[in-house]
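One structure, pasted below without further comment.
The values are calculated or read from the model by the stated rules, or taken from the named source; none is laboratory data. Worth saying up front: this structure is predicted, and the values here are computed from it rather than measured. Methodologically, a virtual Cβ is constructed for each residue, glycine included, from the backbone with ideal geometry; neighbour enumeration extends over all protein chains shown.
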Amino acid sequence: MSGSLDPKKRLSLEEMSDRFLIQDLIIDEAAAIDERDWDRWEATYVPDAAIDWSGNGGAKGDPKAIREWASAVLSEANFPYPQYQHYCTNFRIRIDGDRATSRHLQIIPISVPSPEGGRQIAFSGIWFEDELARTAEGWRIAARREFRAWQHNFPAAFAVPEP
């Protein structure tokens, strides 16, 4: 994403509404992961969305493929509920008619196995770049790429679990 917001520009009510709706959609997508509500998660995407979570050791594919992978990897056995959360921040949303782009940061504390036994809290900062489309059901994510910005307190041998 490029460009910056003109601080002198005045937003219309429709532009403000679209930004809030897109922000709500992105937050709902993250909350659905945290709550393991895979139907709700999948509904935040268009059916043929191109999702690329490989920037943080994840999978690539459409929502059905990613759902299958994520529901196995983010299982209770690997990550006990509710020991991870996705905090969405630093939104940069650009709207062009019925299409939009977004870049935002998710800060994710997560409980991981500790080398000494038990569990420890580790943290990731991940940038998400989205392409969005206005559909009959409202705004939906049409493409998503993630990029790891930083990690803290992960054990040296930690790897994303296999599905």
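Which helices (runs of 4 or more DSSP H) does segment 1-118 wholly contain that include 1 or more residues that are of a type in the set (Ser, Thr, Tyr)?
Filter on segment 1-118 gives 13-34, 63-73.
Test THR135 against the criterion of being surrounded by 13 or more Cβ atoms within 10 Å (Cβ to Cβ) and β-branched (Val, Ile, Thr), and give yes or no. Before the answer, list the steps.
On the way: surrounded by 13 or more Cβ atoms within 10 Å (Cβ to Cβ): no; β-branched (Val, Ile, Thr): yes.
No: the conditions fail for THR135.
For (1) surrounded by 15 or more Cβ atoms within 10 Å (Cβ to Cβ); (2) under 19 Å from the mean Cα position of the chain (by Cα), each residue gets a yes or a no:
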residue: ILE110; (1), (2): yes, yes
residue: ARG119; (1), (2): no, no
residue: ALA149; (1), (2): no, yes
residue: ASN153; (1), (2): no, no
residue: VAL160; (1), (2): no, yes
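Moving to a separate point now. Can you name every residue in segment 1-28 that is in contact (Cβ under 8 Å) with a residue 60 or more places away in the chain, out of contact with any Cys (no Cβ under 9 Å at 6 or more places or on another chain) and within 20 Å of ARG140 (Cβ to Cβ)?
MET1, GLU15, ASP18, ARG19, LEU21, ILE22, LEU25
Going by the conditions given, is ALA133 in a strand (DSSP E or B) and at pLDDT 95 or above?
yes
So, one more: Which of the residues that make up segment 65-88 are over 14 Å from GLU35 (Cα atoms), touching a helix residue (DSSP H, G or I) at 6+ places or on another chain (Cβ under 8 Å) and exposed (fewer than 14 other Cβ atoms within 10 Å of the Cβ)?
The answer is none; no residue qualifies.
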